[in-house]
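Below is one structure; the comments refer to it alone.
Laboratory data are not the source of any read-out in this text; all were calculated from the coordinates shown. All values derive from a computational prediction rather than experimental measurement. FYI the Cβ positions are ideal-geometry reconstructions off the backbone, even for glycines, and counts take in every protein chain you see.
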Amino acid sequence: MRLFIAIDIPESIKKQLAGILVLLQKNTAFDGRFVAVNQLHITLLFLGSVSEEIFKKIDKVLSDIRYQSLNACIGQLGIFEKKDIPRIIYCSVDVPDLAELVSIIREKVASWVKLDIHSPFMSHVTLVRITHMYNRKQLYEGVQRITFAPLSFSINQFVLKESVLSSQGSLHYERKAYPLHIS
């Protein structure tokens, strides 16, 4: 099974992000795979393929984590590039202390999975995976024109999710939730 650790976004926030996805779909400067509204989340750590035995070990160490609840604020849109080619349209997410929680999680699971230690953590919500760009300037200008008020919410848990590849793309299923404690 392919696993990752994430933070789910409240339904009320997903509904607001759905409107942003509609606006992005009107941008003719690119083609892309749009993330389904019910699949929107903040990825903390991708674990890759693991056996059921390793899943149980990961579950045990994640269950032992004690950390306070967090406050999140979804900000504006941005674009991640790889080798100067736009690849992902995302919403920035400001969560004080989230990098510390990710560091603790990395340390706990490092014995059981091979982690990409070269990728720094940047909290965000992926909205679109760009598959083809027709007009770079139009893409960036269209994304910059979409503005919205910050979307705030509380984070009271993180989740271990399974990612299943399908003809519709990756589908994510919650395997287990781990509570964060109100400070």
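So here's what we get for this one:
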{"item": "Efficiency of FRET between V164 and Y134 - r from beta-carbon atoms, R0 22 angstrom, step 0.05", "result": "0.10"}
{"item": "Efficiency of FRET from Cβ geometry, R145 and K60, R₀ 35 Å, rounded to 0.05", "result": "0.15"}
{"item": "Length-normalised contact order of region 45-183 in % [C-alpha pairs under 8 Å, at least 6 apart]", "result": "31 percent"}
{"item": "Cut-off under 5 Å, modelled amide H: who pairs with I65 long-range", "result": "none"}
{"item": "C-alpha long axis of helix 11-25 to longest principal axis of the chain, angle in °", "result": "40 degrees"}
{"item": "Partners for K57 among lysines (Cα-Cα distance below 19 Å; same-chain residues under 8 apart left out)", "result": "K108, K114, K161, K176"}
{"item": "Intensity falloff of region 91-137 expressed as log10 I(q)/I(0), Debye formula with alpha-carbon point scatterers, at q = 0.24, 0.26, 0.27 Å⁻¹", "result": "-0.97, -1.04, -1.07"}
{"item": "More than 26 angstrom apart: percent of Cα pairs within region 2-179", "result": "33 percent"}
{"item": "Amide proton proximity set for L47, modelled H, under 5 Å, gap of 5+", "result": "L3, F4, I5"}
